[in-house]
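> This is the structure I want to talk about, given as structure tokens.
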């Protein structure tokens, strides 16, 4: 069972983040996702935030060194925090 996925520095961008978000909506095993330095912007972060509305298992998400605004980063952080508290 896959619980950790490291995709740091793979330059997936917003499109790749969208594909990951689609998968995250239905995933029930992944707890850690590393997307450090992937050229993800607000559009990609919004897809991830939308996915986290449905995903309750992801408790660690590294989005550092991407081009994501503070408001979206706060939204994602709150969703991850919710998942941590539900454990």
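Values in this text are rule-based calculations from the coordinates and carry no lab data. Source: prediction; values computed, not measured. Virtual Cβ from ideal backbone geometry, glycine too; neighbours counted across all protein chains shown.
> Taking only Cα atoms and a 10 Å spring cutoff, compute GNM fluctuations for the chain and point out the largest among 62, 70, 50.
Looking only at 62, 70, 50, the biggest GNM fluctuation is shown by 70.
> Now for a separate question. Compute the acute angle (0 to 90°) between the alpha-carbon long axis of helix 70-86 and the principal axis of greatest extent of the alpha-carbon atoms of the chain; round to the nearest 10°.
Rounded to the nearest ten degrees, it is 20.
> Hey, what angle do you get for helix 13-24 against the long axis of the chain, alpha-carbon based, 0 to 90 degrees rounded to 10?
Result, in degrees: 10.
> With a point put 7 Å past each Cα toward its Cβ, work out how far residue 36 is from residue 86 in nm, to one decimal.
2.7 nm
> Need the C-alpha centroid separation for the stretch 58-76 versus the stretch 17-43, integer Å.
11 Å
> At a threshold of 8 angstrom on Cα-Cα distance, excluding pairs fewer than six apart, so keeping six or more, what relative contact order does the chain reach in percent? Provide the component values of the computation, followed by the final result.
Values: 157 pairs, mean separation 27.2, N = 87.
Contact order relative to length: 31 percent.
> Can you tell me how much longer the chain between residue 74 and residue 9 gets when fully stretched, taken as 0.36 nm per residue apart minus their C-alpha distance, in nm with one decimal? Don't skip to the end; give the middle numbers.
Working: separation 65, 0.36 × 65 = 23.40 nm, distance 2.20 nm.
Value of the extension gain: 21.2 nm.
> When the expected Rg is taken as 2.2 N^0.38 Å, what fraction or multiple of it is the alpha-carbon Rg of the chain? Intermediate results must be reported in sequence, preceding the final value.
Numbers: Rg = 11.5 Å, N = 87, 2.2 N^0.38 = 12.0 Å.
Compactness ratio reported: 0.96.
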